[in-house]
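Worksheet for the structure shown next.
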Amino acid sequence: MKNFDKYVKSMLFSSLIATWHALFFPIRVNSRMVFQPWLLQQGFLPYVQIGDEHAPLLPHLLAWSSVLFDGDALFTARFLHGFLIWLIIFVSIWIVFERAGRWGAVACGAYYFALSNGLGFWAMWYDLAVTPLFLIAYLVITSKRFSLPTKLFLVGLSTGIGFLVKQHALLLAILVPVFLLTHSTTNKPVWKHYIKPSLLSLVGFLVPVMAYLIYFFSMTNNWYAIWYWLVAFNIAGEYSALGAKTPTIQEIRVILPTFIMILPFVLGTIHLSFIRNEKQKAGERWWLLLIMMLTAVMLYPRYSTMHWATMLPFLAIVSGIACGELVSDAAASFHQFRYRQWGVYLAIVGLLWIGPGTLNYIHVYRERENRILIEYDGLPELAELITNTTTLDSILLFPDDEGVGNLYYLLEKTPPGFWMMNYPWFRNRYEIDQWMTAVTKEPPDQIIYFASRGPDLYPEMNQFVTSRYHTVHELEWNGQLVEIKERSQR
């Protein structure tokens, strides 16, 4: 009954925050999360007909799930966004309930209440989707219920599934050698203690990866396409140089207060390890810190607050446990120290988290009529402008990016044979050739030409458009010039 009470309280609080996020906060649902899954449903092949450097599983998951929602790709993305937020917060609060009691769980919830929208939860993106796999890895590695071989297999399995959601999840493989080193024994041979368990973890990793490869090659035998986009592009491509973005000083200043409880948590962990000699409890905390540090790699190479989504739960858990221990220590303290500790707890939880969080939520609720779907809102207006102006046949958007790609979905049109966004890091020979081959083989009847979105950055593509198509309509949308071009008669 006690554990059931923890589940219910965790579920209720996480449901409240997730519902608020889903209904009132601005959400980023760009063309990777809406149009691309819809395009998969139309029969386009990943990597062969869709240029995407990201891991494959999330667009597939959205495409498969959309069947449950009558093919509504936008609602599917929004539903999964809300569900992921609920799941992450629920698991986090439950973990803190187990380790630091009621007041720790309250602090964890307050942390989310204040910071979750600013640190990652505002975007339906790969970082949010991979977060449950990191939490699962932590729960498995610290569980008392699983044997060592089972733990290693499940960590490998979590790593494999996570890798298919976001390549950075491969970092979870670091947990295997660390785990084996911390559980080393002197009476076992190297093969039995290190190599054999590592192979077991490798098998767990390969199960989902091989399953996806079999699925992929059942659709196409184009091995080079998946190799290029998942490996060659990310390692040898220009994205890390042209797409890289480091945080500004102001962005760093904004983030620093979120780490306020890290030092007390680390000091408490050292105290447990070397003073009180509570190895089991200290070990759980060291694993928490290690996985949290691994999630920091998500911020590379293109900094954005949405990439904090994977680290946020671990920050919330650490902060909740540290605050909970502050209060539990107060219960055993003398009166004068007890009041001071409760005062510190209330100052952190109340003034730093609940207070600002409440003001933010009140503001968001008052502005609920102006709530936006980032990189989607505004496009229905443009779609209506276009359909009221002309009858569309086959179309191409140029330049195409995350801000306009969902227009295909709204117009219920597919690009000609190959879809790729237009960004400076998508200008390698292979990418341009794929695009040129597609538009030459299946020339679109009309081109929606965004003159304000830098078509001159892509001279070869722009030359193809301007030499073969002429402008028949000019529209003004969001302060931008949008031209409708039709194929010139030759």
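Each value in this text was obtained by applying a stated rule to the coordinates, not by laboratory testing. It should be emphasised that the depicted structure is a prediction, and the values quoted were computed from it without experimental measurement. Every residue, glycine as well, gets a Cβ built from its backbone with ideal geometry; the counts of neighbours run over all protein chains shown.
For the reader, a short list of remarks on this structure follows.
- Relative contact order of the stretch 2-369, defined on C-alpha pairs under 8 angstrom at six or more residues apart (%): 25
- Cα gyration tensor of the chain - equivalent ellipsoid semi-axes, whole Å, descending: 46, 28, 18
- The C-alpha radius of gyration of the stretch 379-487, expressed as a fraction of 2.2 N^0.38 Å, stands at 0.98.
- Taking all Cα pairs closer than 8 Å and separated by 6 or more residues, the relative contact order of the stretch 379-487 comes to 27 percent.
- The local environment of I270, defined by Cβ-Cβ distances under 11 Å, has a net charge of +2 under the rule Lys, Arg +1 and Asp, Glu -1.
- The stretch 345-410 and the stretch 104-170: distance between their alpha carbon centers, rounded to Å: 27
- Cβ-defined net charge surrounding L242, 15 Å radius [Lys, Arg +1; Asp, Glu -1]: -1
- Lys/Arg +1, Asp/Glu -1 at C-beta; the stretch 336-486 dipole; positive extreme among P380, P416, L396: P380
- In the chain, a dipole from Cβ-located charges (positive for Lys and Arg, negative for Asp and Glu) runs towards its positive end, and of A232, P208, M33 it is P208 whose Cα lies farthest in that direction.
- Taking a sphere under 13 Å around the Cβ of I291 and counting the other residues whose Cβ falls inside, with K and R at +1 and D and E at -1, yields a net charge of 0.
- Rounded Å value of the spacing that divides the Cα centres of the stretch 19-98 and the stretch 264-306: 29
- Relative to the Cα centre, the charge distribution of the chain, modelled as +1 at Lys and Arg Cβ and -1 at Asp and Glu Cβ, gives a dipole magnitude of about 2620 debye.
- Counting neighbouring beta carbons within 10 Å and listing from fewest to most, the residues M11, M421, M210 come out as M210, M11, M421.
- Think of each Lys and Arg Cβ as +1 and each Asp and Glu Cβ as -1; about the Cα centre, that makes the dipole of the stretch 379-487 roughly 340 debye.
- Cα-Cα over 22 Å, subset of K166/K196; K144/K166; K166/K413; K166/K279; K413/K441; K196/K281: K166/K196; K144/K166; K166/K413; K166/K279; K196/K281
- In terms of other Cβ atoms within 10 Å, V130, V439 run from fewest to most in the order V439, V130.
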